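The values are calculated or read from the model by the stated rules, or taken from the named source; none is laboratory data. Small disclaimer: the values here were computed from a predicted structure and weren't measured. Here Cβ is always computed from backbone atoms with ideal geometry, including for glycine, and neighbour counts include all displayed protein chains. Surface accessibility is based on the protein's heavy atoms, side chains included, excluding ligands, DNA and RNA. Shrake-Rupley method; radii C 1.70, N 1.55, O 1.52, S 1.80 Å.
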Amino acid sequence: MKTLAILMIVTGFLSLAVLLAIYFYKNNASFPAQTPKTNLLTFENATSPTRVVVGEIGINIPVKEAPNYSFSDSQAIFINTSQKIGEGNSIIYAHNWNNLFGKLGKVKMGDIVSVFLADGREVKYKINQKHLVSPQTLGILKPTTDSRLTLFTCIGFLDKDRLVVTAKQI
């Protein structure tokens, strides 16, 4: 019985150590900010987004264009199957880490989001919705007739939900 108790205590400490390591990796990872270059291998072109900025909460990160379900430790991902910036529902997502979309939950209605394109243009949006959805909620990915930006990240215990922020072009 004493051996079982010791085994359970050791297992508990190891589990705690792993969870703390994951937490500190997610929230203290410092990756150098790099501006992505136009690259045919990553689907980028002159109208591809290269940076997303939400000045009110301190988000200012590079963006790369890639297929859905691509991930990066240092950049947000613009889903190349979503509509182009300024032409419908443009979707950008990133990890919920401090150096990426970790501060996204702090946005307020009316905050301004700027998306910078490879050709040098800046497209501005005003945040008008913020909500939590399950990972199975695919409606956020659907095309729209209005020009909007959808930003999302994982959130919650073991990243079980998605924080979705939408903004209308201004």
Every listed condition ((1) surrounded by fewer than 19 Cβ atoms within 10 Å (Cβ to Cβ); (2) within 16 Å of the chain's Cα centre (by Cα)) holds for Leu149 save (1)
Just wondering, is there one or more residues in region 157-164 that are in contact (Cβ under 8 Å) with a residue 40 or more places away in the chain and under 23 Å from Asn45 (Cα atoms)? no
Within the group Ile92, Ile77, which residue is closer than 16 Å to Gln169 by Cα, outside any helix (DSSP H, G or I), open to solvent by less than 50 Å² (accessible area, probe 1.4 Å) and not aromatic (Phe, Trp, Tyr)? Ile92
Go over the candidates Val123, Val115 one by one and state the one that is among the hydrophobic types (A, V, I, L, M, F, W, C), assigned to a strand (DSSP E or B) and either open to solvent by 50 Å² or more (accessible area, probe 1.4 Å) or touching a Lys or Arg at 6+ places or on another chain (Cβ under 9 Å) (or both). Val115
Only one of Gly156, Gly86, Gly139, Gly110 is more than 16 Å from the chain's Cα centre (by Cα), open to solvent by less than 50 Å² (accessible area, probe 1.4 Å), more than 19 Å from Val53 (Cβ to Cβ) and not hydrophobic (A, V, I, L, M, F, W, C), namely Gly139
